[in-house]
Structures are given as C-alpha cells and as structure tokens.
Amino acid sequence: MPDDHANRAALSIAGTRPPKPLAGTVRIPSDKSISHRALMLGALAVGRTEIDGLLEGEDVLATAAALRALGAGVERRGDGRWRVDGVGLGGLSEPADLIDLGNSGTAARLLLGILATHDLTAFVTGDASLRSRPMNRVISPLSRFGAHFTTRDGGKLPLAVTGARDPVPQIYRLPVPSAQVKSAVLLAGLNTPGETSVIEPQQTRDHTERILGHFGATVRVEPHPDGGNLVTVVGQPELEAAPITVPGDPSSAAFPLVAALLVPGSEVTLAGVGINPSRTGLLASLAEMGADIARLNERVEGGEPVADLRIRAGALVGADIPPERAPTMIDEYPILAMAAACARGRTIMRGLAELRVKESDRLAAVATGLAACGAKVSVEGDDLIVDGTGRPPEGGATIATRLDHRIAMAFLVLGLATNAPVAIDDARTIASSFPDFVPLLRTLGAEFTG
Ligand code: S3P
C-alpha cells in the first residue's frame, strides 16, 4: 500500500546540465492508464489473465492491492509479469478494510465506476493530493445508476460507496473532457442490464473502449450529431480472460523526449512508445515548434499502435496550442511548458482549466516554478503563456512538487538545460508513474545531484 508522503522523509534532488549530449536507446516504462485497466478488466473477467509489461509504479500497485482486497487473485510473477484470476463480472466481494488508492485519480475514479454496480459497500481514501481532488464528477453520473455515496464536504475522499443492486442503464454527456469520467460510466454500465452510453464532445483517450473489446465486451463508438463521439457498452457481457501486453507510456516518454530536445547535440531513441492518436498531442505541438522527432518502426502491440521515437536536439520556436488539443496531451503540459521556456518566442497553451484539478494545480505549479527559474510566464484565464528568448532560463530554484510526479520530472528535465541546476523538494512522488526516471535518464547521460 502506498505510504502517505507526509509520513516519510523528503528527498531533494536537482537536475544539472550534463557535460555531454544525451545519447542512446532506452525502453520507456509501460503505460499507466492501460496498466490500471488491464488489472481491472482481468479482475472482472472469468479465468486467468496474464499481463506482460505491467507498470510497477505506485499508482498501479494501489490498483492491484485494491482488487486483491475486493477478492480477485492478483499476483506478481516477475518483472512486469502479473497474473490476475478474475472473479467474473459482479463477483467482487466486500473489502474488510479501507481501500487506499494513494496518489492515483485514475484508480479512484475507475474503481468507483466498477463499485457503483456491485452490490457491496466499500470505503475509499487516498493521499493528501487525492483527498483534495474532485470526485463529484464521477459521483454524479454513478448515482444515477442507483449507487449511494457518503463523502466529505465537496465530494472529496474519504468516501463510502454502496453499489446499486438493480442498476439502471444511463446515457451520460460528459460535462468535462475526461477519460476517467467516461471510463467510470462505461465500467458501471458493464454490470448493468441494457446499454449504457457516454457522449464525449471531445475525444479523450480510448483505452477503456479498446480493452473492453479485448476482453470480449461489445463497445460501439459512433460520431455524435453534435460533434464528438457516442460511446456505448452493452451491459452484462461474459468477459473472458485475455493475455495483454502493455505498450510504453507516451506521457512518461515525454520527459526523456524533451530532455533530448533541450540538451544541445543530443540524439536519443525511445523504444516502444504508444502512439494512440488520442495521446499524441505533444508530438503534434513539438512538431509545430520545430522539433526533430521521427517515428520509426510503427507497429501494433497489445492492440495499441506503438513506434520508436528518434529525437535530435535543436532550436525550438514558440507555438499557439489550441484548446481542442488539450485532451490528447493533458498530462504533457508541464513538460511542454519547459520546452516553451527554452524556445524562441511566445507559446500560448490554451484551455487548460482541467490542469487545476490534477495531482496538484498544475497551472499554478508550472507558472510559479518557471517564474522562480527566471522564465517569463503568465496565466490568463485558463491559458498559460510562456515567452522564451531562445535560450534556457537561468534556473537555480528549488521547486515545490506538491505530491505531483509530473511537476517533479518536468522541472528536473528543465535543470538539464539551465545555467544553474533546478532542484525539487521531494523526488519520491516520481514513483507514482516512473520509478526508474532518474536511472533511465542517467543511462542517457543526464546528471542529477543531491
Ligand atoms: C487518465 C485520464 C486523464 C489523465 C490521467 C490518466 C486515464 O485524466 O490526466 O493521468 O487513465 O483515464 P482525466 O480523465 O481527469 O483528464
């Protein structure tokens, strides 16, 4: 079970400009979103699911522990190799204790979707970051199925959920572009008679739809007349265990990728990176900024498109990143902002309201941190504006990571390019999604001190 960070000693480190360019080929850690879903679907299927390349980050380990507490057999067989003995849809049993999901919003929201249509009561909590995040966005649609929630003020964790005994199928229009909310509703619909639909005005990551199909559920995705998609799941299918290989996480790849762009003379290849079109907004944005990134060896692994990415360092220019792109790169804005701070000219990242409700308020964390490093940055409404000079900012600051792994990694990467090192106050949060971040970047030639 992940510890609450507040109970452990802080670990401060700094990213430092390396004497030589970054070079080499590395395999990127597995996709966090797909890892959560593989465990969850495995637990709901009938039979044994073998997972290869599961991400062994704290977030995913929290999901594994939760599913075990709910009665599924979840066992580690070796490096990234996990075996899940499913209980069958509707077969989860009441957990004997509180379920602690650590730092993971995905674990919390998707699991609440599953629990909403299981006839049991569970008590769910998380770390200080997760306990501050909005859960009403899932509580509201899940209550319509007939689930009952008792929460802290404002719909915050800890909460108690009692799943509906006779769930009622729903048609739900997403008020925010969120794959977590979409997935929670689809997963609730899975154990509900009839068809449950989600209308998503903007496409968000579609891993839930893909993995449901992989386990034998019927999912239809149709264009909606008002734009976006109508996603429908046919309830109460016979879910069958299915082996699954998890591809590399484009959101983790983003950090060594931008590091390679920013350290002069670098050439790095990142192997096996997921390039699902619902996740490639960062690649599109960096291409507009003049980045040299080649997609090599495109193929399909585990039902997802992947490629090796070859990155060459070079000068970047500012760009205007439209709000429609946000769902396809929602986790990549912190690292894009670091690239923007080293680019020449103005980068405007538009429509970032959702960044305020991530593991931290990322809009504030990025703006405050970049300003402390000497960059020219402002927030106007929901837009983040960075004015770069074409050279990295001075650096030399210590950044508060706010229990946010992506804030921690983004500023460490900036420190590889700045004159003075950039320190973070607590590196342990990186283990949520990328436990080997520091050693992996070191194999490429990056330097970290502290
Ligand atoms: C995720 C969806 C996104 C993303 C998160 C993972 C998922 O959250 O930020 O890291 O696995 O579905 P939202 O759905 O809240 O945008």
Does the stretch 230-245 include one or more residues that are crowded, with 22+ Cβ neighbours inside 10 Å, within 14 Å of the ligand (Cβ to nearest atom) and outside any strand (DSSP E or B)?
no
Can you tell me how many residues within the stretch 281-322 are surrounded by 15 or more Cβ atoms within 10 Å (Cβ to Cβ), of a type in the set (A, V, I, L, M, F, W, C) and in a strand (DSSP E or B)?
7
Mind telling me which of the residues THR204, THR196, THR192 ends up being part of a strand (DSSP E or B) and either crowded, with 17+ Cβ neighbours inside 10 Å or within 11 Å of the ligand (Cβ to nearest atom) (or both)?
THR196
Where the second residue is in a loop (DSSP other than H, G, I, E, B) and not hydroxyl-bearing (Ser, Thr, Tyr) and the first is on the phi > 0 side of the Ramachandran plot and more than 16 Å from the ligand (Cβ to nearest atom) and lies in the stretch 89-111, which pairs have Cβ atoms under 6 Å and are six or more apart or on separate chains?
GLY90/ASN191
Could you list, in sequence order, all residues of the stretch 22-63 that are over 20 Å from GLU240 (Cα atoms) and of a type in the set (A, V, I, L, M)?
LEU22, ALA23, VAL26, ILE28, LEU55, VAL60, LEU61, ALA62
Regarding LEU257, is this residue outside any strand (DSSP E or B) and either on the phi > 0 side of the Ramachandran plot or touching a helix residue (DSSP H, G or I) at 6+ places or on another chain (Cβ under 6 Å) (or both)?
no
Only one residue in ALA339, ALA367, ALA423, ALA417 is touching a Leu at 6+ places or on another chain (Cβ under 9 Å) and in a strand (DSSP E or B), so which one is that?
ALA423
Taking the conditions exactly as written (in contact with a strand residue (DSSP E or B) (Cβ under 7 Å, 6 or more places away or on another chain), under 29 Å from GLY274 (Cα atoms) and among the charged types (D, E, K, R)), does ASP331 satisfy them or not?
no
Matching residues in the stretch 40-51 - criterion: being away from the ligand (no atom under 12 Å from the Cβ), part of a helix (DSSP H, G or I) and under 17 Å from GLY213 (Cβ atoms)
LEU41, GLY42, LEU44
GLU56 is checked against (1) crowded, with 24+ Cβ neighbours inside 10 Å; (2) part of a loop (DSSP other than H, G, I, E, B); (3) acidic (Asp, Glu) and fails just one. What number does that condition carry?
(1)
Has the stretch 164-172 got at least one residue that is in contact (Cβ under 8 Å) with a residue 60 or more places away in the chain, more than 25 Å from the chain's Cα centre (by Cα) and either surrounded by fewer than 23 Cβ atoms within 10 Å (Cβ to Cβ) or farther than 23 Å from THR218 by Cβ (or both)?
yes
Among residues of the stretch 323-379 being among the hydroxyl-bearing types (Ser, Thr, Tyr) and buried (at least 21 other Cβ atoms within 10 Å of the Cβ), the residue farthest from the ligand (Cβ to nearest atom) is THR347
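Since every read-out is calculated from the coordinates, none of them should be taken as a lab result. Bear in mind that the values here come from a model prediction, so they are computed numbers and not experimental data. In this analysis, Cβ positions are derived from the backbone assuming ideal geometry, glycine residues included, and neighbour counts consider all displayed protein chains.
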